[in-house]
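*Asks:* Quick one: the structure is below, and I'll ask about it shortly.
The values are calculated or read from the model by the stated rules, or taken from the named source; none is laboratory data. Bear in mind that the values here come from a model prediction, so they are computed numbers and not experimental data. Backbone-built Cβ (ideal geometry, glycine too); neighbour counts: all protein chains shown.
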Amino acid sequence: MSLQQQGEYFGENGFVVIPGAIAPEELARLHADIIALNWQAREESIWASKAAAALVENASVIAALRACYGEIHCFKCVYVSAPPRDDSSGARRQPLHLDYGTEEFSGDARNLSPSWVNVGFYLSDLTPERGPLWVVPKSNHQYDLVPGSDLEHLDNAARMVLAKAGDAVLFHCFTAHAGGFNFSDSARQAIFFSFRPNWARLPGQASNWPQAAFLSATSERKKLLEG
């Protein structure tokens, strides 16, 4: 897709895939860092890796985001590793939900920002068995959906996003989605960054990145982190 097509698709459906956002050599560096630095499921792991920190300014993703929103600000991140699990429950995924106002991290005021986009950089191939992202296309326009409520009535409209390792998936905080359960024989690994338009902040909401986020940072990365 061209940038215009990516923006139009994202605006209509609430998500878009950016194929090959991470070059193969960078993907190899990320996997090496995960092992060497013993990454844990928190944001500190990201800043310990030069390859991971550089994803903040990934050219393909930033171009797509700016085409949609103009100037943007990166304000959240997390590393997620989903280990294999058994399939005895019969469930395929987490419950569908919205990220806006989520209770997942209670008391985190960042989740009340008026608008933001999650960017999932997938380090593993997503297959039906390996924890794919589920999204409900066009749900970003269903303004009656309530954060924190049961959204399983949208189940028939939910679709799997079978991204490849190195792909990035952008999805809006108003897009109903869920993480798939991993029934494969290896972990599903991903890094998530959240970007908001520069206007979409709460009064008094400021950046709280650790100093490690700015070590060896380019001017572009500092601009994106500082807002």
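*Asks:* Could you please give the count of residues in region 101-140 that are touching a helix residue (DSSP H, G or I) at 6+ places or on another chain (Cβ under 9 Å), at pLDDT below 95 and small (Gly, Ala, Ser)?
*Replies:* Total meeting the criteria: 2.
*Asks:* Hey, another quick one. Among the residues of region 107-163, write down those that are touching a strand residue (DSSP E or B) at 6+ places or on another chain (Cβ under 7 Å) and farther than 30 Å from GLY20 by Cβ.
*Replies:* LEU151
*Asks:* Continuing with the same structure: Inside region 185-204, can you point out the residues that are surrounded by fewer than 19 Cβ atoms within 10 Å (Cβ to Cβ) and over 22 Å from SER115 (Cβ atoms)?
*Replies:* ASP185, SER186, ALA187
*Asks:* Give me the strands (runs of 3 or more DSSP E) completely within region 155-218, filtered to those with at least 3 residues that are farther than 26 Å from GLN142 by Cβ, ordered by residue number.
*Replies:* 188-197
*Asks:* Here is a follow-up. Tell me which residues, restricted to region 128-161, are basic (Lys, Arg), surrounded by fewer than 16 Cβ atoms within 10 Å (Cβ to Cβ) and closer than 30 Å to SER186 by Cβ.
*Replies:* Across region 128-161, the qualifying residue is only ARG159.
*Asks:* Any idea which residue in region 1-27 is modelled with the lowest pLDDT, counting only those that are among the aliphatic types (A, V, I, L, M) and not in a helix (DSSP H, G or I)? Step through it out loud before you land on a result.
*Replies:* To start, the set of residues in region 1-27 that are among the aliphatic types (A, V, I, L, M) comprises 1, 3, 16-18, 21-23, 27.
Remaining after also requiring not in a helix (DSSP H, G or I): 1, 16-18, 21-23.
Values: MET1: 86, VAL16: 97, VAL17: 97, ILE18: 97, ALA21: 98, ILE22: 98, ALA23: 97.
Looking at residues that are among the aliphatic types (A, V, I, L, M) and not in a helix (DSSP H, G or I), I get MET1.
*Asks:* Under 7 Å between Cβ atoms, which residue pairs at least 6 apart in sequence (or on different chains) link something in region 1-15 that is surrounded by fewer than 20 Cβ atoms within 10 Å (Cβ to Cβ) with a partner that is of a type outside the set (A, V, I, L, M, F, W, C)?
*Replies:* MET1/TYR9; GLU12/LYS138; ASN13/PRO137; ASN13/LYS138
*Asks:* Can you pull out every residue in region 28-51 that is in contact (Cβ under 8 Å) with a residue 24 or more places away in the chain, assigned to a helix (DSSP H, G or I) and of a type outside the set (Gly, Ala, Ser)?
*Replies:* Matches in region 28-51: LEU30, HIS31, ILE34, GLU44, ILE46, TRP47, LYS50.
*Asks:* Tell me the residue from SER207, SER219 that is under 20 Å from VAL61 (Cβ atoms), over 21 Å from the mean Cα position of the chain (by Cα), loosely packed, with under 14 Cβ neighbours inside 10 Å and of a type in the set (S, T, N, Q), please.
*Replies:* SER219
*Asks:* Still on this structure, I have one more. Conditions first: (1) modelled with pLDDT under 90; (2) buried (at least 18 other Cβ atoms within 10 Å of the Cβ); (3) of a type in the set (Gly, Ala, Ser). GLY90 passes all but one, so which condition is the exception?
*Replies:* For GLY90, the exception is condition (2).
*Asks:* Related question: Do the conditions hold for ALA28, that is, is it closer than 20 Å to LYS164 by Cβ, surrounded by fewer than 19 Cβ atoms within 10 Å (Cβ to Cβ) and of a type in the set (A, V, I, L, M, F, W, C)?
*Replies:* yes
*Asks:* May I pose another question? Considering only residues that are out of contact with any helix residue (DSSP H, G or I) (no Cβ under 9 Å at 6 or more places or on another chain) and not in a helix (DSSP H, G or I), which ones fall in region 59-83?
*Replies:* GLY70, VAL80, ALA82, PRO83
*Asks:* So, one more: Can you name the condition, by its number, that ALA212 falls short on among (1) touching a helix residue (DSSP H, G or I) at 6+ places or on another chain (Cβ under 9 Å); (2) under 19 Å from TRP116 (Cβ atoms)?
*Replies:* If we test ALA212 against (1) touching a helix residue (DSSP H, G or I) at 6+ places or on another chain (Cβ under 9 Å); (2) under 19 Å from TRP116 (Cβ atoms), just (2) comes out false.
*Asks:* What residue, of SER115, SER89, is over 30 Å from ILE35 (Cβ atoms), assigned to a loop (DSSP other than H, G, I, E, B), touching a Pro at 6+ places or on another chain (Cβ under 8 Å) and not charged (D, E, K, R)?
*Replies:* SER115
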